[in-house]
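This report refers to the structure that appears directly beneath it.
Please treat every number below as a calculation from the coordinates, not as lab data. Being a predicted model, the structure only gives us computed values, none of them experimental.
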Amino acid sequence: MGLVVQLLTLPLSPVRGVVWVLDKVVQQAEREYYDPEPVQARLADLERARDEGRIEADEFDRQEEELLARLEEIRLYQLRQGGMQGGL
């Protein structure tokens, strides 16, 4: 029966290959998007700019708020991912 199923589903092989590749691309994009290191580095750069007087206090506050919100989004995503993996 396995051979018959393989023969009947053979025309779908290219579709399965494309789906697999797209899944890998999405996984990599999510890893990069939800990586906290670039956001933390940007926060450090922002603080350095403030300390050196290259950025005004109100602009620092605005950007810092955005970056901290982004870090919170990343943390919540990682918690959800950990919960989903732990539940399997």
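Considering helices alone, the calculated mean residue ellipticity of the chain at 222 nm is -29000 deg cm²/dmol, with DSSP H runs of length four and up weighted by -39500 (n - 2.57) and normalised per residue. Against the main long axis of the alpha-carbon atoms of the chain, helix 57-86 sits at an angle near 30°.
In whole Å, what three semi-axes, largest first, describe the equivalent ellipsoid of region 36-88 built from its Cα gyration tensor (square root of 5 times each eigenvalue)? Provide the component values of the computation, followed by the final result.
Details: eigenvalues 196, 20, 4 Å².
Those come to 31, 10, 4 Å.
Between helix 36-51 and the chain there is an angle of about 10 degrees, using the helix long axis and the longest principal axis of the Cα atoms.
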